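The values are calculated or read from the model by the stated rules, or taken from the named source; none is laboratory data. Because the structure is a prediction, the values reported are computed rather than measured. Every residue, glycine as well, gets a Cβ built from its backbone with ideal geometry; the counts of neighbours run over all protein chains shown.
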Amino acid sequence: MNILVIGGGGREHALAWKLAQSPRASKVYCAPGNAGIARDVECVPTDVSNTAALAALAGELRADLTVVGPELPLALGVADEFARHGLKIVGPTKAAAEIEASKVFAKRFMERHGIPTARFTVCETPGDAYSALCSYEYPVVIKADGLAGGKGVLIGHSPDESTSILERLMEKRELGAAGARVVLEEYLEGEEVSFIVLTDGTTILPLAPSEDYKRVFDNDQGPNTGGMGAYSDENILSPQVGAQILGEVVEPTVRGLAAEGRPYKGFLYFGLILTAAGPSVLEFNARMGDPEAQPLMLRLQTDLLEVVEKLAGGQLGGVQLDWRADAAVCVVLASRGYPGEYETGQLITGLEPAEAISQVKVFCAGVQQSASGFATAGGRVLGVTARGRDLRAARERAYEAVSKIRFHGMHFRRDIGARALQRLERQRA
Ligand code: AMP
Ligand code: GLY
């Protein structure tokens, strides 16, 4: 089979790398991919916001199946476009992807279906928002309705700060049309977990749980980013909490979308917070997580190609996913300035010695070819990912690999998986 992966970041590298291991994959393409991904699979230039061009590309490449990484082409209807051309694709339709593309839709959907989530108010005008603030305690969470590349959620710690956030979003439109409407939301406390499933609209196949580190600095300081690292192991959730999430959150979501005429096919990501009162949904994503995909693909034993092929054919029933019993950790290496404006074009060294360490894989995100070798090309540059027999071993290996890599202005978090490890060791003591 010929497979096309759409996207060009660390998540797409991990998906393409895993799909290429299938004995049934004759050729795997990644569009547009990047210079680092091109070490593993053939990369083809494309514009991921042009759904017609993506369908034409799948036709030219004779792709038997296309897997979509990022949210933008899904929100623009790439799955609908492929369906019109009789092309097979793993990813939800535009209507189903609205669960990520509009926070207002997502919150109202959860309200209709009794899915646990923070109390909220939808604000259509700045006036609505300023007056709704009075009914919330601080900190209050302020979310832009539309897609904002991970930058649309802001926390207001005081009335002044919240008013200034609302002004920037709704009046100055700093995030463009995404901030035309906002959701105000009660702030919840708890451990966050990424619960990602594969579904064909009927059968639900949960992936192993993972945890993403969203803030830029250690100890969850600084602004939110697309994700500075992630880990996955068997201890993130107890089987009881896993079952509760499936029954109270995942099943009502998949059934609810189908009942509302938006049947969902593809990866479906539940960003959850485990509060004292139980799991609560912070966000849905209509896709695999980035960087969660990196540790998950390292731990997945099952042939991903077989699974996604069955998903596309609506035949997930009876499929099982097998996971290595160990742990995997991904540390993201970012450019100076990220998540704000960042510099690019810095030479990257040390990839080979990093990957020479056993059970280490470096997934490439913002990487370009320069005359003297690989150079940085984005905010998140590399996802240094390692497996180990447990979280401690996986962390040590990942950070050993990180120590081999250098580029000017490189920064990363030193505490990926650390809090979980401390919790685990306290429980064992
Ligand atoms: P979202 O994109 O909605 O997941 O929000 C990004 C991040 O903001 C989440 O991963 C949380 O860390 C934080 N966040 C979002 N909503 C809430 C909430 N209601 N309470 C506390 N933190 C939140
Ligand atoms: N890691 C969070 C996301 O993919 O949105």
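General observations
- If you check Leu282, Leu296 for being within 16 Å of ligand 2 (Cβ to nearest atom), hydrophobic (A, V, I, L, M, F, W, C) and part of a helix (DSSP H, G or I), only one passes: Leu296.
- Tabulated pairs, segment 208-231, first at positive phi and free of Cβ contacts under 8 Å to residues at least 60 places away in the same chain, second within 12 Å of ligand 1 (Cβ to nearest atom) and not in a helix (DSSP H, G or I), C-beta under 6 angstrom, 6+ apart or interchain: Gly222/Arg215
- Candidate set from segment 257-268 (those that are surrounded by 17 or more Cβ atoms within 10 Å (Cβ to Cβ) and under 11 Å from Thr199 (Cβ atoms)); member that is nearest to ligand 2 (Cβ to nearest atom): Phe267
- Some residue of segment 343-351 being assigned to a helix (DSSP H, G or I), under 21 Å from Ala38 (Cα atoms) and more than 16 Å from ligand 2 (Cβ to nearest atom): yes
- Exactly one residue among Ala118, Ala53, Ala132 is farther than 24 Å from Gly149 by Cβ and in contact with a Ser or Thr (Cβ under 8 Å, 6 or more places away or on another chain), and that residue is Ala132.
- In the set (1) touching a Leu at 6+ places or on another chain (Cβ under 7 Å); (2) of a type outside the set (Gly, Ala, Ser); (3) buried (at least 24 other Cβ atoms within 10 Å of the Cβ), the condition left unmet by Ile89 is number (1).
- Flag if Asp40 is under 24 Å from the mean Cα position of the chain (by Cα) and loosely packed, with under 15 Cβ neighbours inside 10 Å: no
- For segment 290-329, a tally of residues being surrounded by fewer than 23 Cβ atoms within 10 Å (Cβ to Cβ) and either within 15 Å of the chain's Cα centre (by Cα) or among the acidic types (Asp, Glu) (or both) returns 5.
- Criterion: modelled with pLDDT under 95, under 25 Å from Glu111 (Cβ atoms), of a type outside the set (D, E, K, R) and surrounded by 15 or more Cβ atoms within 10 Å (Cβ to Cβ) - qualifying residue of Val153, Val197: Val153
- Test: Ser158 is buried (at least 21 other Cβ atoms within 10 Å of the Cβ), polar (S, T, N, Q) and more than 10 Å from ligand 1 (Cβ to nearest atom): no
- Among (1) within 16 Å of ligand 2 (Cβ to nearest atom); (2) surrounded by fewer than 19 Cβ atoms within 10 Å (Cβ to Cβ), the one test that Asn219 misses: (1)
- Within segment 124-150, being surrounded by 13 or more Cβ atoms within 10 Å (Cβ to Cβ) and free of Cβ contacts under 8 Å to residues at least 24 places away in the same chain holds for one residue alone: Asp128.
- Some residue of segment 177-191 being within 16 Å of ligand 2 (Cβ to nearest atom) and either buried (at least 18 other Cβ atoms within 10 Å of the Cβ) or not small (Gly, Ala, Ser) (or both): yes
- Close pairs from segment 3-27: first at negative phi, partner acidic (Asp, Glu) and within 16 Å of ligand 1 (Cβ to nearest atom), Cβ under 7 Å, at least 6 apart: Gly9/Asp290; Gly10/Asp290; Arg11/Asp290
- Filter result (within 13 Å of ligand 1 (Cβ to nearest atom), under 27 Å from Val68 (Cβ atoms) and part of a strand (DSSP E or B)) within segment 177-209: Val183, Glu192, Val193, Ser194, Phe195
- Scanning segment 317-373 for residues that are out of contact with any Lys or Arg (no Cβ under 9 Å at 6 or more places or on another chain), within 22 Å of Arg413 (Cα to Cα) and among the hydroxyl-bearing types (Ser, Thr, Tyr) yields one hit, Thr344.
- Cβ-Cβ under 7 Å pairs, at least 6 apart or on other chains, segment 348-361 side on the phi > 0 side of the Ramachandran plot and of a type outside the set (Ser, Thr, Tyr), far side in a helix (DSSP H, G or I) and crowded, with 20+ Cβ neighbours inside 10 Å: Gln359/Arg397
- Members of segment 259-279 that are outside any loop (DSSP other than H, G, I, E, B), touching a Gly at 6+ places or on another chain (Cβ under 6 Å) and more than 16 Å from ligand 1 (Cβ to nearest atom): Gly266
- Criterion: assigned to a helix (DSSP H, G or I) and within 25 Å of Arg392 (Cβ to Cβ) - qualifying residue of Val241, Val307, Val332: Val241
Here's the yes/no breakdown for (1) in contact with a helix residue (DSSP H, G or I) (Cβ under 9 Å, 6 or more places away or on another chain); (2) part of a strand (DSSP E or B); (3) of a type in the set (Gly, Ala, Ser):
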| position | (1), (2), (3) |
| --- | --- |
| Gln369 | yes, yes, no |
| Gly378 | no, no, yes |
| Gly383 | yes, yes, yes |
| Arg387 | yes, yes, no |
| Ala394 | yes, no, yes |
| Gly409 | no, no, yes |
| Ile416 | yes, no, no |
| Glu425 | yes, no, no |
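- Any hit, segment 122-139, residues being under 26 Å from Leu246 (Cα atoms) and either of a type outside the set (Ser, Thr, Tyr) or assigned to a strand (DSSP E or B) (or both): no
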